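Below is one structure, written out as C-alpha cells; the observations come after it.
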Amino acid sequence: MLKLDVKYKIIDVENKKILIEKPSDSGVLNLVKAIHHLITPKQFTNERFTSTTNAGSQWINLELDYPYENPPYNGICVGSSQIPYDINQYSLQALITHGSGSGELQYGSNNVSFFIINGTTATWTVNKTFSNESGNTININEIGIIHGTTAENGLIFLMIRDVLPSTIALANQKSIRIEYAFTLNV
C-alpha cells in the first residue's frame, strides 16, 4: 500500500523551541493532480490545475517545471487567514507578502533535503525561515506549500495548506522556521 504522511513543525529560531508540531491538514486537489500527472505515462493536454493570478481564479495547462525563487512565493509560504481547510482551495487565503514593510515578512530560501531511503520508506524535508523586519507583530494562522510553474507566465498553485491550531504572533526582529517532513511508504 502506498501511503504519504506529511507533518509540519514551527520552530522559534532564536530559542530553538518547537512552537507547533502536528500532522498536516494536508494536500489540496492540486497535489492529487500533480501526483497523478507525474505517474501517468503520457501527457494529458486537457488535464488542468486551478491557479490564481491578479485577475482571480484561472485554469492553466498542467505543466510542472523546476521551482524558482523569484518571486519568493514558491515552496513554503505563510498567511494570516483562519478560514478552515478545504480540499478545493487553490491559494493561501491571505498570503503574507515578502518584504520589510508593514504586514510583510522576509522569506528565506527553501531548503530541501535529499531522500533518505530505509527499506520501503523514503523520507525528506523542506524548510524555510521567515523573519519579521516590519516594525510590528505579524500574526500567522495558515501555512502551505506553493509550486511555481513557468506555464502561463509563471502562475503559482497551492499543493498543501494547513490552518494552525493557534496563532503564531511573530514579534518584530524575530524569526521562525517552518519545516514539512514527508514520509512515503511503498
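Please find, among Glu152, Glu69, the residue that is modelled with pLDDT under 95 and in a loop (DSSP other than H, G, I, E, B).
Working: Glu152 fails: in a loop (DSSP other than H, G, I, E, B).
Result: Glu69 is the single residue among Glu152, Glu69 that is modelled with pLDDT under 95 and in a loop (DSSP other than H, G, I, E, B).
Which condition breaks for Asn88 when tested against (1) in contact with a Leu (Cβ under 8 Å, 6 or more places away or on another chain); (2) surrounded by 12 or more Cβ atoms within 10 Å (Cβ to Cβ)?
(2)
Out of the residues in region 96-119 that are at pLDDT below 90 and not β-branched (Val, Ile, Thr), state the one that is farthest from Val186 (Cα to Cα).
Of everything passing the filter in region 96-119, Ser109 is farthest from Val186 (Cα to Cα).
Please work out which residue is nearest to the chain's Cα centre (by Cα), limiting yourself to region 115-131 and to residues that are part of a strand (DSSP E or B) and hydrophobic (A, V, I, L, M, F, W, C).
Residues of region 115-131 that are part of a strand (DSSP E or B), as a first pass: 116-118, 121-131.
Narrowing further to those that are hydrophobic (A, V, I, L, M, F, W, C): 116-117, 122, 124, 126, 130.
Working: Ile116: 21, Ile117: 23, Ala122: 20, Trp124: 15, Val126: 9, Phe130: 13 Å.
For region 115-131, the residue satisfying everything is Val126.
Residues of region 73-95 being over 11 Å from the mean Cα position of the chain (by Cα) and modelled with pLDDT under 80, which ones?
Asn88, Gln89, Tyr90
In region 91-117, how many residues are exposed (fewer than 13 other Cβ atoms within 10 Å of the Cβ), among the hydrophobic types (A, V, I, L, M, F, W, C) and over 19 Å from His147 (Cβ atoms)?
Number satisfying all stated conditions: 3.
Name the residues in region 86-109 that are of a type in the set (A, V, I, L, M) and part of a loop (DSSP other than H, G, I, E, B), would you? Spell out the reasoning first.
Narrowing region 86-109 to residues of a type in the set (A, V, I, L, M): 87, 92, 94-96, 105.
Hits for region 86-109 are Ile87, Leu92, Ala94, Ile96.
The values are calculated or read from the model by the stated rules, or taken from the named source; none is laboratory data. What you see is a predicted model, and the numbers here were worked out from it, not measured in a lab. For neighbour counting, all protein chains shown are included, and Cβ atoms are generated from backbone atoms with ideal geometry for every residue, glycine included.
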